[in-house]
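Undergrad: A single structure is presented below for examination.
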Amino acid sequence: MTAAPVAEVAHTSARIVDTRTGLGGSGPTTAGATMTFTAAGQGGVPPSGATGVVLNVTVTNPTEPGFVQVFPAGTSAPGASSTVNVDHPGQTISDLVIVGLDAAGRFSIHTQSPTHLVVDVFGYFVPAAASD
């Protein structure tokens, strides 16, 4: 089976999640939490048609070491894969990730330990024919 061609649409970064300020969620996450966020219609991502997004995911002020996983909503967190690894409490660290979206334009983040999350979107993917 061959995957359908896609095209990336890049744009200036836009913040779509900041749990420190209540954007997309408020307060630090809880240990073992999985949260789902909507990218569709946020930060320059179209309300429909995007199949994935380019995100910068920042973990800030964690209470203990751990990791964060980013994955399409409606799927399970990847078993042994992490997006951001946290080495010590209070650390701020980020990573760029490309993640698929579910049909509603959402992605999920699982946190191993309590932390704040900041997510900026830098672009999105659409079927190649839609980008012409």
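Undergrad: Looking only at segment 55-64, decide whether some residue is over 16 Å from LEU117 (Cα atoms) and either among the small types (Gly, Ala, Ser) or touching a residue at least 60 places away in the same chain (Cβ under 8 Å) (or both).
TA: Looking through segment 55-64, none of the residues is over 16 Å from LEU117 (Cα atoms) and either among the small types (Gly, Ala, Ser) or touching a residue at least 60 places away in the same chain (Cβ under 8 Å) (or both).
Undergrad: Check segment 67-81 and report whether any residue there is in contact with a strand residue (DSSP E or B) (Cβ under 7 Å, 6 or more places away or on another chain) and open to solvent by 80 Å² or more (accessible area, probe 1.4 Å).
TA: Checked against the condition, which is being in contact with a strand residue (DSSP E or B) (Cβ under 7 Å, 6 or more places away or on another chain) and open to solvent by 80 Å² or more (accessible area, probe 1.4 Å), segment 67-81 yields no hits at all.
Undergrad: If ILE93 passes every condition in (1) among the hydrophobic types (A, V, I, L, M, F, W, C); (2) in contact with a Gly (Cβ under 8 Å, 6 or more places away or on another chain); (3) in a strand (DSSP E or B); (4) surrounded by fewer than 20 Cβ atoms within 10 Å (Cβ to Cβ) but one, which one does it miss?
TA: Every listed condition holds for ILE93 apart from (2).
Undergrad: If only one of ILE109, ILE98 is surrounded by fewer than 20 Cβ atoms within 10 Å (Cβ to Cβ) and either of a type in the set (D, E, K, R) or in contact with a Leu (Cβ under 9 Å, 6 or more places away or on another chain) (or both), which one is it?
TA: The conditions single out ILE98.
Undergrad: Suppose the filter is within 14 Å of SER108 (Cβ to Cβ) and touching a strand residue (DSSP E or B) at 6+ places or on another chain (Cβ under 8 Å); does GLY43 pass it?
TA: The answer is no for GLY43.
Undergrad: Which pairs turn up if I take residues in segment 7-25 that are without any contact (Cβ under 8 Å) to a residue 60 or more places away in the chain and farther than 24 Å from ALA128 by Cβ and look for partners that are open to solvent by 40 Å² or more (accessible area, probe 1.4 Å) and part of a strand (DSSP E or B) with beta carbon separation below 7 Å, at least 6 apart in sequence or on another chain?
TA: LEU23/ARG15
Undergrad: Read through the list (1) touching a strand residue (DSSP E or B) at 6+ places or on another chain (Cβ under 7 Å); (2) open to solvent by 50 Å² or more (accessible area, probe 1.4 Å); (3) closer than 15 Å to ALA14 by Cβ, then give the number of the only condition that LEU55 fails.
TA: All conditions are met except number (2).
Undergrad: Can I ask one more? Taking the options THR63, THR58, name whichever one is within 22 Å of GLY27 (Cα to Cα) and in a strand (DSSP E or B).
TA: Step by step, each of THR63, THR58 is checked, and only THR58 is within 22 Å of GLY27 (Cα to Cα) and in a strand (DSSP E or B).
Undergrad: Related question: Just give me the residues in segment 112-132 being surrounded by 15 or more Cβ atoms within 10 Å (Cβ to Cβ) and closer than 24 Å to GLY44 by Cβ, in sequence order.
TA: HIS116, LEU117, VAL118, VAL119, ASP120, VAL121, PHE122, GLY123, TYR124, PHE125, VAL126
The values are calculated or read from the model by the stated rules, or taken from the named source; none is laboratory data. Remember, predicted model here, so these are calculated numbers, not experimental data. Ideal geometry is used to build each Cβ from the backbone, glycine not excepted, and the neighbour counts take in all protein chains shown. With ligands, DNA and RNA removed, areas are computed over all heavy atoms of the protein, side chains included. Shrake-Rupley method; radii C 1.70, N 1.55, O 1.52, S 1.80 Å.
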